[in-house]
Amino acid sequence: AKEDYSGRSCGDIFAYTASSRDDQCTFARNCNGGDGIFAPFVFCNHSLPVMAWFGILSPLLAVWLVTLFRMLGSTAEDFFSPSLEMFSLKMGLPPRFAGVTLLALGNGAADVSATINAIKSDPQTGYQMSLGALTGAGMFVGTVVCGVVIVTADGVACRGALVRDVVVFIITVAVVFWQLKRGSIGPTAITLFFSMNILFVLIV
């Protein structure tokens with residue numbers, strides 16, 4: 001009888017199957033609670049070695065990833081941003097308030113969905129990728145996106161509301177770090193996170 005790999009994480013395929021292609025095929029189809037991995041034929045098709053399949057598919061997947069990013073950017077540019085601007089004008093919202101509410105909600109909704117799906121697909125280690133994605137996104141926005149905005153705007157005066165927002169962001173990161181360092185996140189920490197976000201919106 002074939003071993004049941006449904007309780008294993010798909011990332012551990014090489015750790016539990018050694019070099020057996022049949023076991024790797026079974027693992028690839030049944031890991032992560034039976035969901036399996038993307039493109040299990042890489043391990044089930046014996047016409048080429050696994051690494052050869054990786055070499056063939058990697059450029060195609062890289063092109064597909066760039067295409068998805070381009071589609072995401074064009075969707076935000078052509079649909080989301082104009083709709084947000086019109087919505088803000090109709091409601092009479094100041095640009096900064098619209099940015100920390102509507103725009104933040106639109107940008108963060110995808111992160112929430114991706115984080116939940118990552119944890120559901122891999123309950124054992126999915127949270128590691130989720131936290132890594134969130135911290136990586138925060139770093140990307142705080143460095144690359146911020147730099148592009150400043151260059152495009154031909155410089156931004158670092159005073160008043162901008163300094164306040166940066167200080168609040170630093171405090172928020174410190175609080176999140178302190179909570180994660182404790183080793184567990186409970187209802188109290190979650191309530192604190194929500195309260196900090198609501199307080200920031202009220203301050204703005």
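The values are calculated or read from the model by the stated rules, or taken from the named source; none is laboratory data. Predicted model, so just to flag it, every value in this text is computed and none were measured. Glycine gets a Cβ as well: all are built from the backbone with ideal geometry, and neighbour counts include every protein chain shown. The protein model used for the area step is the full one, side chains on, heavy atoms only, and it has no ligands, DNA or RNA in it. Shrake-Rupley method; radii C 1.70, N 1.55, O 1.52, S 1.80 Å.
The table that follows gives values for the structure above.
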quantity: Over the chain: helical MRE at 222 nm, DSSP H runs n ≥ 4 each giving -39500 (n - 2.57), nearest 500; calculated: -21000 deg cm²/dmol
quantity: Residue of 88, 74, 130 that the Gaussian network model of the chain assigns the largest fluctuation, springs spanning Cα pairs under 10 Å; calculated: 74
quantity: Residue 85-residue 66 pseudo-label distance in nm [points 7 Å out on the Cα-to-Cβ vector]; calculated: 2.9
quantity: Dipole magnitude (debye, nearest 20) for the chain, charges at Cβ of Lys, Arg, Asp, Glu; calculated: 460
quantity: Estimated vicinal HN-Hα couplings, Hz - region 22-32 in sequence order (Karplus 6.51, -1.76, 1.60; Gly, Pro = x); calculated: 5, 5, 5, 5, 4, 4, 4, 7, 10, 5, 6
quantity: Charge dipole of the chain about the Cα centre (unit charges at C-beta), most positive-ward option of 110, 166, 149; calculated: 166
quantity: The chain: relative contact order in percent, alpha carbon pairs under 8 Å with at least 6 residues between; calculated: 14
quantity: Solvent accessible area, Å² - residue 8, 1.4 Å probe, full protein context; calculated: 90
